[in-house]
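This report concerns only the one structure given below.
The values are calculated or read from the model by the stated rules, or taken from the named source; none is laboratory data. Owing to the predicted nature of the structure, the values given are computational and were not obtained by experimental measurement. Because the Cβ atoms are built from the backbone with ideal geometry, glycine has one as well, and the counts that use them run over all protein chains shown. These accessible areas exclude ligands, DNA and RNA; they are computed on the full protein's heavy atoms, side chains included. Shrake-Rupley method; radii C 1.70, N 1.55, O 1.52, S 1.80 Å.
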Amino acid sequence: MLGFISALPGAVSQGLIWGIMAIGVYLTYKILDIADLTVDGSFCTGAAVFVVLFTGGANLWLALAAAALAGMLAGLVTGILHTFCGIPAILAGILTQLGLWSVNMAVMGMKATVAINVTSPELLDKLLVSLRFVQDVAKGARPFYRHPIFTVGLATVAIIAFLYWFFGTELGCSLRATGSNGSMARAQGINTDVAKVLGLVLSNGLVALSGALLAQYNSASEINMGRGAIVIGLAAVIIGEVAFSRVFHNFALKLLSVSIGAIIYYIVIQACLAMGMNPNYLKLLSAIVVAVFLSIPFWKGKYFHAKVKSRAAGAEAKLGGERNA
């Protein structure tokens, strides 16, 4: 139990980092109604670009911007394959993801792993987030504002504020209209192809940024670090929706619920590990969690509402019988 409690700050930190990726998944899955599998590749792309640039002496913020831009380019490729080439969205994402594996290997110099030398205090201090910061803040060696929870929390608030503003603009509304009803959007003069491409670009930019932050946190970029990212993103989206849909109705709060969903997901994962679960079963657990939470709305609609309707019909029939009597 003590081990689980001591691991909670790290789990929340990772949940916040993956939460940024989950917000990107939310944009395509919920707003554009597209299951974009590009994220499994663009997540690693962001990490690879950041680590290579940062270890090469580039400025931290420049490396983060380059990582986000690389992810946006990946989203652009998927968007072009889908709209210009007429390839179904899910297949276009798979093709881009497949190609990104080779691109990511090339970026990392054909190495499966590229590490950041955090044993160097000077290099470590330049990082925005790191697992070592969690321990240092707990020991009092660093100020509280260097804790990943504080740093990534501020970044999440800034991203949500930007998206809230963006989707209130005419361009942002066109994206929402495209996802809600493409035919009606086209009838209103909206170029739905451009809207889809823009949504995919924005989504994968956030995914790559999340990958860059996780590479900092783990002090390395690894070629398979994005594998299964779409499952984690969907888990965060669905958990947040199921847990907070009755409370959070504002668009900004819905984005916040996605981030909280990622935190809940990682706390559950940490709890399972604390109970002695084999880490090799984590992918299976993730799949089960997503399947269960995706099924909950269906079960509620099919069984719960059906019972309510049948009870209402029975009560109405009984009342009618009493009146006739």
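Tilt of helix 282-299 relative to the longest C-alpha principal axis of the chain, in degrees (0 to 90, nearest 10)? Here the helix axis deviates by roughly 20 degrees.
Once the 1.4 Å probe is applied to the protein heavy atoms, the chain comes out at 50 Å² accessible per residue. For the chain, modelled as a GNM whose springs connect Cα atoms under 10 angstrom apart, the maximal fluctuation among HIS249, HIS82, HIS147 occurs at HIS249. As a calculated quantity, the FRET efficiency between ALA106 and TYR303 at R0 = 51 Å, using C-beta atoms, amounts to about 0.50. Placing TRP18, TRP299 in order of accessible area, with the largest value first and a 1.4 Å probe, yields TRP299, TRP18. Each helix, a run of at least 4 DSSP H residues, gives -39500 (n - 2.57); summed and divided by the residues of the chain, these come to -25000 deg cm²/dmol at 222 nm.
Taking only Cα atoms and a 10 Å spring cutoff, compute GNM fluctuations for the chain and point out the largest among GLN216, GLN135, GLN14. Comparing GLN216, GLN135, GLN14 in a Gaussian network model of the chain, the most mobile one is GLN135.
Subtracting the Cα-Cα distance of ASN280 and VAL157 from their residue separation scaled by 0.36 nm leaves 40.9 nm. Only protein heavy atoms count here; on that basis, with a 1.4 Å probe, LYS300 has an accessible area of about 90 Å².
Using the beta-carbon distance between LEU73 and ASP125 and R0 = 30 Å, what value does 1/(1 + (r/R0)^6) give for FRET efficiency, to the nearest 0.05? With a Förster radius of 30 Å, E is 0.45.
Distant-in-sequence amide contacts of ALA220, defined by a placed amide H-H separation under 5 Å and a gap of 5 or more residues or a different chain, comprise ILE116.
Annotation: extensible slack from CYS85 through ALA291 equals 71.0 nm (criterion: 0.36 nm per residue apart, minus Cα-Cα distance). Using a 1.4 Å probe and ignoring any ligands, DNA or RNA, find the accessible area of MET277 and quote it in Å² to the nearest 10. Answer for MET277: close to 50 Å² accessible. Here's the picture: charge each Lys and Arg Cβ at +1 and each Asp and Glu Cβ at -1 in the chain, and of VAL134, ALA187, VAL114 the one pushed furthest to the positive end of that dipole is ALA187.
Enclosing the Cα atoms of the chain in their convex hull gives a volume equal to 180 cubic angstrom per residue. Which shape class, rounded, prolate or oblate, goes with the range 1-139 when its Cα gyration tensor gives a ≥ b ≥ c as root eigenvalues, a/c under 1.5 marks rounded, and past that a/b bigger than b/c marks prolate? Taking the square roots of the gyration eigenvalues as a ≥ b ≥ c, the range 1-139 is oblate.
So, with +1 on the Cβ of K and R and -1 on the Cβ of D and E, and no other charges, what is the size of the charge dipole of the chain about its Cα centre, to the nearest 20 debye?
Charge dipole of the chain: 860 debye, to the nearest 20.
The LYS139 and ALA35 beta-carbon pair, evaluated with R₀ = 41 Å, returns a calculated FRET efficiency of approximately 0.40.
Across the cross-link table entries LYS30/LYS300; LYS254/LYS302; LYS196/LYS254; LYS30/LYS302; LYS196/LYS300; LYS126/LYS283, which are compared at the Cα atoms, the separations over 26 Å belong to LYS196/LYS300; LYS126/LYS283.
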